1. Nearest 20 debye, what's the magnitude of the dipole of the chain about its Cα centre given +1 on Lys and Arg Cβ and -1 on Asp and Glu Cβ?
2. Is region 238-286 rounded, prolate or oblate when judged by the Cα gyration tensor, a ≥ b ≥ c being the square roots of its eigenvalues, rounded requiring a/c under 1.5 and prolate requiring a/b larger than b/c?
3. If I stretch the segment between Ala38 and Arg81 completely, what's the gain in nm (0.36 nm per residue apart, minus their alpha carbon distance), one decimal?
4. Less than 14 Å Cβ to Cβ from Ile183, Lys/Arg counted +1 and Asp/Glu -1: what total charge do the surrounding residues give?
5. Going by alpha carbons, how many degrees (0 to 90, nearest 10) lie between the helix axis of 261-289 and the longest principal axis of the chain?
6. Distance between the C-alpha centers of region 19-55 and region 214-271? Whole Å please.
7. Treating the angle as unsigned and between 0 and 90°, give the value, to the nearest 10°, between the Cα long axis of helix 38-47 and the longest Cα principal axis of the chain.
8. Given the DSSP H assignment, sum -39500 (n - 2.57) over each helix run of at least 4 residues in the chain and divide by its residue total; what's the result at 222 nm in deg cm²/dmol, nearest 500?
Amino acid sequence: VAPVEGADGAADQIADAVTRGDRAAIARLISLVERGAAEGAGAVARLHGRTGRAWTLGVTGAPGGGKSTLTGALVAALRARGETVGVLAVDPSSPFSGGAILGDRVRMQDHSTDEGVFIRSMASRGHLGGLALAAPEAVRVLDAAGMEWVVVETVGVGQAEVDIARHADTTLVVVNPGWGDAIQAAKAGLLEIADVFVVNKADRPGADDAAGDLEAMLDLGAGASGWRPPVVRTVALDGTGVGDLLAAVDRHRAWLDESGERDQRRRRRLGDEVRAIVAERLAGRAGALCTGEEFEALLDEVAAGRIDPWTAAGRILAN
Ligand SMILES: Nc1nc2c(ncn2[C@@H]2O[C@H](COP(=O)(O)OP(=O)(O)OP(=O)(O)O)[C@@H](O)[C@H]2O)c(=O)[nH]1
Ligand SMILES: [Mg+2]
């Protein structure tokens, strides 16, 4: 959605309030962004120049792997270091605030009274493309609000969800012991996007096997990027291994900074975002061009066999 002309005052106001860290303004702007509202687009556009300080952490993996519990534990560890954290739990599949989101809120409620933490769930309204566009906007809001870390949790099942997690500075892929979880993760395309692997629920049998599977798969693809994703075992429920996990994230962060890869990644991410916006806009135009009387008349011609679909499309585009 394009920024609305004449709404500059309101957009300025909300952008300034977000920059001051006003929690109500942050919540409101993320809601606007989630809805794809024009007012939100205007305000977030203003925020872009005030972003770039937050370190974004993607957390993805199969449903129920313990991503939210782990995120809660990471938030606690980061807060213990005195660092501020924004959390976005992105739920692309559920059309309304169902059990998963409620569950996330309950699990993360330890932090609900802490000013240094801002936790928010985002749901799509049956439109994945919308969420893929809205998620980076919401990250921008939390970044501009001064959060030093922004954690984005997505379920790594579909391409849109994987893309959202992949667009973090550091991406954690969470697997569990047993059931060939590591191999499932590989099939879902999660192997390529992981900067750090987490074998969570390491209190259960098979954690060593899962870690071994991952290391073996990493051996096959080693050497390409200069960073070999470490495999860290955690028990998110009681915090075991979370210190090691944070240390691995810190090492990845230092490596990205030193190698210059960080700037390249961010540039790539912005390129992807611009492309996605262009695609969304073109799709909107395509929808508008392919409805109405003229379109139906053209379709009559195609249905009657007088012109073929490609010719019809060519005529529409030539107009
Ligand atoms: N045994 C054990 N259970 C855990 C651990 N971490 C999380 N769980 C449990 O696993 C279940 C799912 O945890 P969540 O944190 O909701 O997992 P999730 O990946 O966020 O789930 P979705 O967002 O629904 O995909 C809950 O019942 C947790 O209590 C762990 O380290 N060990
Ligand atoms: Mg969750």
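1. On the way: 34 positive and 45 negative charges, 70 e Å.
It comes to approximately 340 debye.
2. Numbers: a/c = 9.52, a/b = 2.10, b/c = 4.54.
Oblate, because a/c is 1.5 or more while a/b does not exceed b/c.
3. On the way: separation 43, 0.36 × 43 = 15.48 nm, distance 3.77 nm.
That pair, Ala38 and Arg81, stretches by 11.7 nm at full extension.
4. Values: positive: Lys187; negative: Asp181, Asp209, Asp213, Glu215.
Summing Lys and Arg as +1 and Asp and Glu as -1 gives -3.
5. Between helix and principal axis, roughly 30 degrees.
6. One Cα centre to the other: 28 Å.
7. Around 50 degrees separate the two axes.
8. Values: 14 runs with 176 residues, N = 319.
The helix-only estimate for the chain comes to -17500 deg cm²/dmol at 222 nm.
Every number in this text was worked out from the coordinates using simple rules, so none of it is lab data. Every value quoted in this text rests on a predicted model; they were computed, and no experiment measured them. Here the Cβ is made from the backbone with ideal geometry for all residues, glycine too, and neighbour counts use every protein chain on show.
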